[in-house]
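**Student:** The structure follows.
Values quoted throughout were computed directly from the atomic coordinates according to the rules given, and no laboratory measurement underlies them. Quick caveat, the model's predicted, so the values are computed rather than measured.
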Amino acid sequence: MRTATERALGVHRVLEPVGVLPQAARRLDPDAPTGPDEVRIDVERLNLDAASYRQLHEAHGGDGAAVRDAVLAIVAERGKMQNPVTGSGGMLIGRVAEVGPASPLGLAVGDRVATLVSLTLTPLRITDGLARWDGHGEQVPAQGTAVLFARSIAAVLPDDLPENVALALLDVCGAPAATERVVRRGTSVAVLGAAGKSGCLSVAAARDAHARRVVGVVRDEREAAALRAADLAHEVVVADATDPLAVAAALGEPVDVTVVCVDVPGAEHGAVLATVDGGTVVFFSMATSFPAAALGAEGMAADVTMLIGNGYTPGHAALALDLYRRNAGVRALVDPRVHP
């Protein structure tokens, strides 16, 4: 018999290895009947996280059919979408099909929702073979079912935004919330990957928090031009985030807070080197190697606080949606990524 806490966390749906939490599990059960504290969702679209999609795309040489087959194989084998290389997943949108009588999530049958918990811990079954997805792009039209636990999080989709925009924003809504939490009036901030979805939202959040200097670090002149046109950052610089010396040289003066939003590994040392002693680094990227970050900081004798952007802060969904609604610069950077 599972305890209430174990059920709320979804331990009862772990098939292998028994006793771990769903995120750490190798395999989940997406097919058991809906429990009294669970919610079952009819899936409409998956949003693969950027690091996971990039890895799959590169591993299969850009072959969309192979990427699609890889995602199907992962879900079939694991009962969830958890990239075995990156360890990350994404999120989904769908319509609530069934609500257990003891569910505390406040959802009703028929609600269209976005899950604000990772696909790496969400029991998932795909029933259409992803036939409407060509394997190109992070957003995946899909049919199937998913299960939310009592300790899961979901947001009813807003009526005023297209669903693909809302999905893209809610997928990264933890980044601006984490930025807002650590940035104080008068501090200096660098955002690595500032032209991406999470990056531009983090830049906007830093500006709203009255940072005195916000530097957007991007990988090439094309992204630099887009970020300058959006008029979000005080400064825009071009540097390879995986080249620590290049990042430090581009910034010139170290900053109080560095936010890492790039979707490639290897940005840890540059982020640490960019940050003043006593400063803070927020790693909001599933491509981050935390041993590399910790050992690199030690090797540089860097006295910095390193935070994991865990994707959840109270009010994070509302904050990201609000930043998009009222900030033309954010819209200018997000919309082309959602409507290529």
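**Student:** Given the C-alpha centroids of the range 1-79 and the range 173-226, what is the distance between them in whole angstrom?
**Tutor:** Comparing the Cα centres of the range 1-79 and the range 173-226, I get a distance of 31 Å.
**Student:** Give me the percent of Cα-Cα pairs in the chain that sit more than 38 Å apart, rounded to a whole number.
**Tutor:** The proportion of pairs with Cα distances above 38 Å equals 15 percent.
**Student:** What per residue convex hull volume, in Å³, do the alpha-carbon atoms of the range 105-162 yield?
**Tutor:** So the per-residue hull volume is 115 Å³.
**Student:** Any chance you could get the radius of gyration and Dmax over the Cα atoms of the range 236-340, in Å?
**Tutor:** Rg, Dmax (Cα atoms, Å): 15.1, 44.
**Student:** Follow-up question, since we're still on this one. Kindly work out what percent of the DSSP beta bridges joining two residues of the chain are antiparallel, to the nearest 5.
**Tutor:** Just about 55 percent of them are antiparallel.
**Student:** With an 8 Å Cα cut-off and a minimum separation of 6 or more residues, compute the relative contact order for the range 242-305 in percent. Walk me through the numbers before you get to the answer.
**Tutor:** On the way: 118 pairs, mean separation 22.6, N = 64.
RCO, the range 242-305: 35 percent.
**Student:** As a check on your grasp of the helix formula, calculate [θ] at 222 nm for the chain: sum -39500 (n - 2.57) over DSSP H runs of n ≥ 4, divide by the residue count, round to the nearest 500.
**Tutor:** Result for the chain, helices only: -10000 deg cm²/dmol.
**Student:** Shape of the range 175-316 from its Cα gyration tensor (a ≥ b ≥ c, root eigenvalues): rounded if a/c is under 1.5, otherwise prolate when a/b > b/c, or oblate?
**Tutor:** It comes out rounded by the Cα gyration axes.
**Student:** Rounded, prolate or oblate, given the Cα gyration tensor of the range 16-103, with a/c below 1.5 counting as rounded? Could the numbers behind the result be given before it?
**Tutor:** On the way: a/c = 2.53, a/b = 1.68, b/c = 1.51.
Because a/c hits 1.5 or more and a/b exceeds b/c, the range 16-103 counts as prolate.
**Student:** Translational D (Stokes-Einstein, µm²/s) of the range 188-270 at 4 °C and 1.567 mPa s when Rh comes from the Kirkwood sum over C-alpha pairs?
**Tutor:** On the way: Rh = 12.1 Å.
Answer from the Stokes-Einstein relation: 107 µm²/s.
**Student:** Just tell me, in residue order, which DSSP H segments of the chain are both 27 angstrom or longer along the helix axis (alpha-carbon based) and at least -0.5 in mean Kyte-Doolittle hydropathy.
**Tutor:** Qualifying helices: none.
**Student:** Sticking with this structure for a sec: From Cα coordinates alone, what are the radius of gyration and Dmax values for the range 4-157 in angstrom?
**Tutor:** 14.7, 47
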